[in-house]
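The values are calculated or read from the model by the stated rules, or taken from the named source; none is laboratory data. Predicted model only: the values in this text are computed from it and were never measured. With ideal geometry, Cβ positions are generated from the backbone for all residues, glycine too; neighbour counts draw on all protein chains shown.
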Amino acid sequence: TTPKPNIVKAEVKAYTVNNSLPAKNFNTKTMDWEEIPVQYIKGIGPKLAENLAIAGIIKVKDLFRYYPRKHLNYANRTKISECKIGQLVTIWGVIKEVTCFTPPNNKNITIMSVVVTDGTGRVKASWFYGSANRFMQEQYKKRFPIGAQALLSGEIKLDKFTKKIAVDKPEIEILGDVEIEDSNSVNTNRIVPVYPLFEGLNLKWLRKTMKIALDSFSSQIIDPLPQWFKTKFNLDDLADSIRQFHFPTDEQKLLSSRNRLVFDELFYMQLGFAYKRKQEQLHIEGLVFETDGEYIVKFLENLGFNLTNAQDRVFKEIKADLSSPKPMSRLVQGDVGSGKTVVALLTLLVAVQNGYQGAIMAPTEILAEQHYRKFKGWLEPLGLKVDFLVGSQGKKVRREVLENIATGLTHITVG
């Protein structure tokens, strides 16, 4: 778990106090389900709601969108005697041994090991922590009571010291007094969700709370996508996808529900971009440039080679954008060495010959310096000034470059 600073808890407490309705006046039946505070879900209350708020879960809609970081299949269990190296397994057994110690040759780590047996064999799982004193080591050991039922998941490996099988990167859950075959359990005998945890959140309790909330409110989820659209793209219903991603009935349902949720995230992102782009085209007046001029002609004459067909075609498309009153929004994509930089420079020259300045940014200072040297060699013969602006420059040089840009002395800046 990841502890959070006390200030977060204070902010959360202030939020829940200021934004929650008194219980005696609160009726969830009259509210939009998405806006219902989680404290009114059965079994939560104000105190546990504060713990959930640390994870950003304030309302029911936030809880539904608190997706598992992964799933473990506790329905398909493997006997220890049948485990093979490299196999991903889930083992149901009993904790037989628990050890916690600091190696004498490395005082900075603490190794916690648990041995689980299922009657057909024994297997060990280990976790590594930072340096811990004897008291902390005893606290670690208390998490794994000897004799308790446990579900252990991970990849089988060969322990290089004992030459026996062990579980690599293990996930373990202490079951307590539960029936492993209970079909109604949210923690056993099924594919179970593993959620990100913060201080004050317990995985089993979170699963139970999620199940109660889904049973209470998921039927009210309205799918905004029409049926013809979902059929065309082979998408599951939204409410069913949310239920299935939290508690999948099988591997196929897990995949199809994840597909729907991922589709929604990307679809609405692209929809937002498309809307913003359309609004800019409708309401923002762009600059109209003359796209043919002396700088372009001289640059191409001095370049030393002809543009490729692809470069010529793309630059013509860019010139059509620049001569239009609509703002240009264009991505030029091409392999390394295909000539994108020359096309970018030609675009900047259009702006310069219309009385404006241009700037080009590179992802690294090394690449920016390479562009700067090339641009300087190409443009200085045309009487154009190129400047170089990067974070590693000294104050004096940087101040001079910024002054050149501000006064209009610089035509193109590379950074």
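Some values worked out for this structure:
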| read-out | value |
| --- | --- |
| Filtered residue count, region 209-224, keeping only those that are crowded, with 16+ Cβ neighbours inside 10 Å and within 25 Å of the chain's Cα centre (by Cα) | 8 |
| Tally, over region 307-321, of residues that are outside any helix (DSSP H, G or I) and closer than 13 Å to LEU346 by Cα | 1 |
| The one condition in (1) within 35 Å of the chain's Cα centre (by Cα); (2) without any contact (Cβ under 8 Å) to a residue 12 or more places away in the chain; (3) closer than 19 Å to ILE296 by Cα that GLU380 fails to fulfil | (1) |
| Residue check, ARG243 among the basic types (Lys, Arg), outside the structural domain of GLN149 (by TED's automatic domain parsing), farther than 24 Å from ILE41 by Cα and crowded, with 17+ Cβ neighbours inside 10 Å | no |
| One residue from PRO145, PRO103 being free of Cβ contacts under 8 Å to residues at least 24 places away in the same chain and not assigned by TED's automatic domain parsing to the domain that holds ARG260 | PRO103 |
| Only one of LYS79, LYS84, LYS96, LYS61 that is closer than 22 Å to SER218 by Cβ and not aromatic (Phe, Trp, Tyr) | LYS61 |
| Condition check for ARG69: at pLDDT below 95 and either loosely packed, with under 14 Cβ neighbours inside 10 Å or within 30 Å of the chain's Cα centre (by Cα) (or both) | yes |
| Which listed residue, of SER241, SER185, is assigned to a helix (DSSP H, G or I) and either more than 30 Å from ASP118 (Cα to Cα) or at pLDDT below 85 (or both) | SER241 |
| Of all residues in region 128-172 being assigned to a loop (DSSP other than H, G, I, E, B) and among the hydrophobic types (A, V, I, L, M, F, W, C), the one that is surrounded by the fewest Cβ atoms within 10 Å (Cβ to Cβ) | PHE161 |
| GLY86 vs. criteria without any contact (Cβ under 8 Å) to a residue 40 or more places away in the chain, closer than 27 Å to PRO193 by Cβ and small (Gly, Ala, Ser) | no |
| In region 364-402, the residues that are hydroxyl-bearing (Ser, Thr, Tyr) and part of a helix (DSSP H, G or I) | TYR372 |
| Filtered residue count, region 285-306, keeping only those that are polar (S, T, N, Q) and within 14 Å of THR347 (Cβ to Cβ) | 1 |
| Those residues of region 63-76 which are in contact (Cβ under 8 Å) with a residue 60 or more places away in the chain and either of a type outside the set (A, V, I, L, M) or not in a loop (DSSP other than H, G, I, E, B) (or both), in sequence order | LEU63, PHE64, TYR66, TYR67, PRO68, ARG69, LYS70, HIS71, LEU72, ASN73, TYR74 |
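Here's the yes/no breakdown for (1) exposed (fewer than 15 other Cβ atoms within 10 Å of the Cβ); (2) over 40 Å from the mean Cα position of the chain (by Cα); (3) closer than 18 Å to VAL342 by Cα:
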residue	(1), (2), (3)
ALA362	no, no, yes
LYS376	no, yes, yes
SER392	yes, no, no
ARG399	yes, no, no
